[in-house]
Amino acid sequence: MAEMTSENRDPHHIVWDWNGTLLDDNHANLAAVNAVCASFGREPVEMDHWRSIFRRPLIPCYEELLGRTFTEGEWERVEKLYDESYVSHLPTCELAQGVPDVLHAWAGEGRTQSLLSMATHEHLVPLIAERGLTSHFTRVDGRKFTTVKDSKAEHLIDHLRRQDLDPSRVVLIGDIDDDARAAREAGARTVLVTSGLMARERLEATGAPVVDSPAEAVAAVRSLS
């Protein structure tokens with residue numbers, strides 16, 4: 001077996017998360033969460049509270065939020081309420097600061113990048129096209145199948161396999177602790193940004209580098225070896 005050198009350990013491919021990472025959509029997420037709260041008779045929540053409890057799997061997260069266990073059909077009701085509200089606010093969401101310049105810069109170094117989101121594939125692909133970003137990515141994947149743990153891990157493994165990528169040369173940039181978990185299970189590395197739905201201290205607890213923007217995340221990726 002060939003000895004692993006610093007050159008072939010250097011990251012060559014970034015897998016970008018979408019919501020809260022490349023897309024600044026926290027206000028849309030919070031509005032959708034509060035639409036769910038209103039329907040279930042709960043007072044609206046502030047972003048700091050939501051960022052303190054948000055996690056995957058989603059069902060127990062929302063059960064904690066609402067203070068109740070879901071009965072049959074209620075989770076489907078939550079999903080419908082959330083999706084309708086989120087989509088109505090989506091036109092007000094801008095790309096994160098520094099995007100798409102940071103995508104141009106990484107590609108300009110002769111490296112590659114793709115996008116993987118836990119948003120449904122059918123929702124994600126046209127949205128990326130509408131934003132004029134598709135050409136930046138070697139592949140765009142949303143959630144195409146369900147998993148027992150409701151984690152990005154299996155989706156990331158499939159995403160890398162379909163591109164024949166060496167996980168040791170890949171860094172996932174995301175905004176929640178499940179992104180770090182997914183990268184670890186796939187054999188990749190991760191950098192987390194504080195711009196999404198999880199408080200900084202929760203991100204730092206993963207042991208991954210934590211930064212404040214996509215541009216800082218790419219700078220952190222360049223420092224990995």
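Name the residue farthest towards the positive end of the dipole of the chain from the options L116, H49, L127, assuming +1 on Cβ of Lys and Arg, -1 on Cβ of Asp and Glu, about the Cα centre.
About the Cα centre, the residue reaching furthest to the positive side is L116.
For the chain, which span is the longest to avoid every loop-located (per DSSP) member of GluC sites (Glu not before Pro) having at most 14 other Cβ atoms inside 10 Å? Before the final figure, lay out the partial values.
On the way: sites that count: E3, E46, E72, E109.
In the chain, the maximal stretch lacking such sites is 110-225.
How would the stretch 164-225 be classified by its alpha-carbon gyration tensor: rounded, prolate or oblate, with rounded meaning a/c under 1.5 and the a/b versus b/c comparison settling the rest?
Taking the square roots of the gyration eigenvalues as a ≥ b ≥ c, the stretch 164-225 is oblate.
Choose one answer from W106, W18, W75: the residue with the largest mean-square fluctuation in a GNM of the chain with alpha-carbon springs under 10 Å.
Of W106, W18, W75, the most mobile in the Gaussian network model is W75.
Expressed in nm to one decimal, what extension gain is obtained for the pair D212 and E109 from 0.36 nm per residue of sequence separation less their Cα-Cα distance? Please list the in-between numbers first.
Values: separation 103, 0.36 × 103 = 37.08 nm, distance 2.22 nm.
In short, 34.9 nm is gained.
By the gyration tensor of its Cα atoms, with a ≥ b ≥ c the square roots of the eigenvalues, what is the shape of the stretch 92-146: rounded for a/c under 1.5, prolate for a/b over b/c, or oblate? Walk me through the numbers on the way to the answer.
Values: a/c = 2.34, a/b = 1.44, b/c = 1.63.
Judged from the Cα gyration tensor, the stretch 92-146 comes out oblate (a/c at least 1.5, b/c at or above a/b).
For the chain, what is the calculated [θ] at 222 nm in deg cm²/dmol (nearest 500), taking -39500 (n - 2.57) for each run of four or more DSSP H residues and dividing by its residue count?
On the way: 11 runs with 103 residues, N = 225.
Mean residue ellipticity at 222 nm (helix-derived): -13000 deg cm²/dmol.
I'd like the distance between the alpha-carbon centres of the stretch 157-187 and the stretch 16-61, rounded to an integer number of Å.
24
Which length gain, in nm to one decimal place, applies between H49 and V148 when the Cα-Cα distance is subtracted from 0.36 nm times their residue separation?
Working: separation 99, 0.36 × 99 = 35.64 nm, distance 2.64 nm.
Here the answer is 33.0 nm.
For a paramagnetic label modelled at 7 Å from the Cα of H27 toward its Cβ, which residues of the stretch 76-90 fall within the zone defined by backbone nitrogen distances under 13 Å?
Under 13 Å, as judged by backbone N against the label point of H27, lie 89-90 of the stretch 76-90.
Over the stretch 101-215, give the accessible area per residue in Å² for a 1.4 Å probe, as an integer.
Numbers: 5050 Å² over 115 residues.
With the other protein chains kept in place, the stretch 101-215 gives 44 Å² per residue.
Calculate what fraction, in whole %, of the accessible area of the stretch 74-191 sits on carbon and sulfur atoms when a 1.4 Å probe is rolled over the protein chains. Don't skip to the answer; put the middle values down first.
Values: 2980 of 5750 Å².
Within the stretch 74-191, the accessible surface is 52 percent carbon and sulfur.
Label E63 and D166 with points 7 Å out from Cα along Cα→Cβ: what is the distance between them in nm?
It is 4.4 nm.
The values are calculated or read from the model by the stated rules, or taken from the named source; none is laboratory data. Not measured: the values here are computed from a predicted model. Neighbour counts are summed over all protein chains in view; Cβ atoms, including those assigned to glycine, are modelled from backbone coordinates with ideal geometry. What goes into the accessible areas is simple: the full protein's heavy atoms, side chains included, and nothing from ligands, DNA or RNA. Shrake-Rupley method; radii C 1.70, N 1.55, O 1.52, S 1.80 Å.
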